Amino acid sequence: MAKKLLVKSKVSREHYKADACVVWCFDDRFTPTRRRFFKKLGLQRIDRVIIAGGAKVLAVAESTFDKKFVLGQITTSIRLHHTKHVILVTHSDCGAYGGLAAFGNDSVKELAAHARDQKRAVAAVKKAVPRGTRVESVFVDFEGVWRI
């Protein structure tokens, strides 16, 4: 049984429609950049799939369960919230990749690896979502957000 109301809700009872479903890493260093990116795109209602490595799991999943789970979250967003836009994100110095050190501290090599993985991730999502769903990939580093 609930004991005390902690915060009053200002949520509408109207059906929710998401502007996008975004797969992002849980690394909090990039939260301010993420907010500016969403604002620049005009995204207000976002279904977030937050998982270590972000979109990496769709390209090089350590288990098929992880990949199926994330694809399931994306397709559920589309089914329940009529999402028409999916954004797949990976970022620099990601622990799931071994950090920038795994690329010899070479940001060009790091970006190339992320771009290869993002291409695979986009293909996996496009196979799972309805035709006409916009699927794009971005890479976030310490300078900003890059379309790849």
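The values are calculated or read from the model by the stated rules, or taken from the named source; none is laboratory data. Bear in mind the structure is a predicted one, so any value in this text is a computation, not a measurement. Glycine also receives a Cβ, built like all others from the backbone with ideal geometry; neighbour counts cover every protein chain displayed.
Residue count for region 94-148 under the criterion of being of a type outside the set (Ser, Thr, Tyr), assigned to a loop (DSSP other than H, G, I, E, B) and in contact (Cβ under 8 Å) with a residue 12 or more places away in the chain: the result is 8. Residues of region 49-77 that are surrounded by 15 or more Cβ atoms within 10 Å (Cβ to Cβ) and either of a type in the set (Val, Ile, Thr) or part of a strand (DSSP E or B) (or both): VAL49, ILE51, VAL57, VAL60, VAL70, ILE74, THR75. Of everything in region 22-72 that is under 16 Å from ALA124 (Cα atoms) and among the polar types (S, T, N, Q), the residue that is modelled with the lowest pLDDT is SER63. Taken over region 78-92, the criterion of being free of Cβ contacts under 8 Å to residues at least 40 places away in the same chain and in a loop (DSSP other than H, G, I, E, B) is satisfied by no residue. For region 88-107, does any single residue satisfy the condition of being surrounded by 16 or more Cβ atoms within 10 Å (Cβ to Cβ) and closer than 30 Å to GLU14 by Cα? Among the residues of region 88-107, at least one is surrounded by 16 or more Cβ atoms within 10 Å (Cβ to Cβ) and closer than 30 Å to GLU14 by Cα, which makes the answer yes.
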